[in-house]
Amino acid sequence: MSCQSLIAFKIDQKELFTNKLIKMKQLVLFFAGILALSLSQAQTDSATKKQKNFIASIRRADNTIIKGRIIAVNDSQVVLKSYSGYQYVPAENIKSLTVKRKNSVLKGALIGFGIGAATGAVIGLASGNDPIMAYPDPSEDPFGLGTMAVAFSNAFAMTAGEKAVAGGLALGASGAIVGAVVGALAKKTFIIGNKKQRFHDLQGELMMKLVKK
């Protein structure tokens, strides 16, 4: 490989490295935006924990199911608000009642992503930069094989920032999946059996579910 060819090759490698930095900055901005959204969601949940929204799915005595946001629970009925308006369901007409937090899947995914992304970023930064190999002297590498080997190795070398982004996205995605699954399973079913007394017996546990922090 001639000296001019080697210089041109090194210039190409410099441009490649510059492009990698630009892409890394874009990924950092994307990662920071998602992490900020996750933290914002967590803060919103904390600030509004006294105004929790729960969605109920009620199976009535005739096996029909109605869904809506829980507005009130008293000794004789459950009041829901659905797209069709308010629904007043008497206790003796409730076969079963399933309660879950509104948007629990989305919130679980966001929180899981935030935790996973932060963990991945810390691990990536802690691992440091990969070493960059020096190119051999042209006089010692007349065929350019050593130069190509070094270029190939350096192409896969990652900075601590790149590792932070890659680790953050990888663990963030895993955390989002786990969080979404946990959010989907975070529900409670109460078996009433169309019995008003059974509803009264479970009313305390139901209220604890609705107001628990």
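Below is a table of values for the structure above.
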| item | result |
| --- | --- |
| Segment 54-213: relative contact order as a whole-number percent, Cα under 8 Å and 6+ apart | 30 |
| Exceeding the 23 Å Cα-Cα cut-off - candidates Lys67/Lys107; Lys81/Lys187; Lys107/Lys195; Lys102/Lys195 | Lys107/Lys195; Lys102/Lys195 |
| 19 Å cut-off, amide nitrogen to a point 7 angstrom out along Lys195 Cα→Cβ, residues in segment 87-127 | 90-98 |
| Coordinate range along principal axes, alpha carbons of segment 137-213, Å, largest first | 94, 22, 8 |
| Ser57 paired with Arg69, simple spin-label distance in nm, labels 7 Å along Cα-to-beta-carbon | 2.0 |
| Tail fraction, Cα-Cα pairs, segment 102-154, threshold 18 Å, whole percent | 61 |
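Each value in this text was obtained by applying a stated rule to the coordinates, not by laboratory testing. Note that the structure is a prediction, hence the values are computed from the model and not measured. Positions of Cβ are backbone-derived with ideal geometry, glycine not excepted, and every protein chain shown enters the neighbour counts.
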